[in-house]
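Coordinate-derived values only; no laboratory data. Note that the structure is predicted; figures quoted are calculated from it, not measured. All Cβ positions, glycine included, derive from the backbone under ideal geometry; neighbour counts span all protein chains shown.
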Amino acid sequence: MGMNANGARLMYALAIGLVGVVAGAGGQTPSIAEMLTSGRQALVEGRAADARQLAEAVLRTAPGNREAALLQITALEELGEHARALGAYDTFAAQTRRQDAGLLAPVATSELRAIAGRAGPDVRLRTEALERLARAGDSGATAELRRTATGNTGTGAAMLADVALARVGDADAVARLSTAATAETTRDKSVVVEALQRSGAKNLGPTLVQLLQDPSPRTRAAAADAAGVLNEKSAVPVLRGLLADEDSRVRWRAALALKRLGDSSGDEAIAAGLKSPVSSVRLSAIEADRAPRDAARRTALKAILDDPDPLNRIRAAEAAATDDPAVARAVLMTVVGEPDLTARREACRALESLPPFDVGLFRRLLGDREDAVRVPAAGGILAAARAK
């Protein structure tokens, strides 16, 4: 429904608290739909205070109105009132008795922007925040990552930025990482290979085959890991040859990669790994086998879910998520409550990608004292909002 000039003036009066004012023509007060339309327009025009007051006028009449709550929360974030925005969300959640990722998304976005802005020398934390913003469609975050990647060539910051960009589909970032991985001037190619693996990029077969034959055993081992994780089947012939490599790390990583790729050439080593007294070795053998788990492997995995090392428990939970997501979630939530910051961050990161998304948990974690925990919590909220 359109609004005449009197209606528009009434909307402004309502926005400044003159709720009792009545429009001249016909003496009719505006509908909720008209108030929300006016509020959204105010937000577009940069009048966040007016938008907030209109939203709150609607909420006084219709508590729990989702569109009004979204307008209120967005306006509060535009005004820099982050705590009040969180409070507004909590009020809505209490009134409606449900969590809503879409309503919480503006809060998560502001949280990530604030963390990226204050991360300072913590380049990894800043990049993680920007990556989650970029994945949610924030063009400013993407541009900032590109500036870092191209303006600081050869640095750790540039590599982290390129990994983040590659994960959101930037082909130029993948090309830069591939070039660095094979360049003769790169001092430690294994670091770049690990970055390529984290990027999740596809069609890297020729690059990885070349790196599997690198003189450095550390690089060969990293390339084997990457080939398995990235499902590069073209690397299978070279990986088979690496089962006889002079370096034990390379032989083990090659066996794991072959198992991931569905090749049985390294099964003897995998079987031995499943019997290892070292939890991380057993876990690697379990992770590598993508076939449905038999009873023996499920039992071995279950034992690692109680491992003293929280990082092993996190890996085991991620591996168990396919068969039993409820058990995996319970283990990860227990680690989130432990004092070890690294473990808490990694557990939250694992929960970030474990459906169904627990928006209530992510909301609680937004109040965590550590930025390293709030980043994946905010990322989980944005992922849940995109999944709706």
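In sequence order, segment 156-165 has phi-based couplings of x, 4, 5, 5, 4, 5, 5, 4, 4, 5 Hz under the Karplus curve 6.51 cos²θ - 1.76 cosθ + 1.60, θ = phi - 60°, and Gly or Pro positions carry x. Give me the angle, in degrees from 0 to 90, between the Cα long axis of helix 279-288 and the longest principal axis of the Cα atoms of the chain, rounded to the nearest 10. Roughly 80 degrees between the two axes.
Shape class for segment 108-169: oblate, because the ratio a/c of the largest to smallest gyration tensor axis (alpha-carbon atoms, square roots of eigenvalues) is 1.5 or more and b/c is at least a/b.
Remark: the chain is approximated by an ellipsoid whose semi-axes, taken from the C-alpha gyration tensor as √(5λ), come to 50, 24, 16 Å, largest first. Among all lysine pairs in the chain that are eight or more places apart or on different chains, how many have alpha carbons less than 25 angstrom apart? Total qualifying Lys-Lys pairs in the chain comes to 9. Rounded to the nearest Hz, the phi-derived 3J(HN,Hα) couplings of segment 347-354 under the Karplus curve 6.51 cos²θ - 1.76 cosθ + 1.60 (θ = phi - 60°) are 5, 5, 4, 5, 5, 4, 10, 9, where x marks glycine and proline. Rounded to the nearest 10 degrees, the inclination of helix 248-260 to the longest alpha-carbon principal axis of the chain is 60 degrees. Mean sequence separation of contacting Cα pairs (under 8 Å, at least six apart), scaled by the length of segment 108-169, corresponds to a relative contact order of 27 percent.
Please give the calculated 222 nm ellipticity per residue for the chain, where each DSSP H segment of at least 4 residues contributes -39500 (n - 2.57) and the sum is spread over every residue; nearest 500 deg cm²/dmol?
Details: 23 runs with 272 residues, N = 388.
Value at 222 nm, helices only, nearest 500: -21500 deg cm²/dmol.
The phi-based Karplus calculation (6.51 cos²θ - 1.76 cosθ + 1.60; θ = phi - 60°) puts the 3J(HN,Hα) values of segment 311-320 at 5, 5, 5, 5, 4, 5, 5, 5, 5, 7 Hz, whole numbers, x for Gly and Pro. Among residues other than ARG282 with Cβ under 14 Å from its Cβ, the summed charge is +3 (Lys and Arg +1, Asp and Glu -1).
The long axis of helix 189-199 is offset from the longest Cα principal axis of the chain by roughly 40 degrees.
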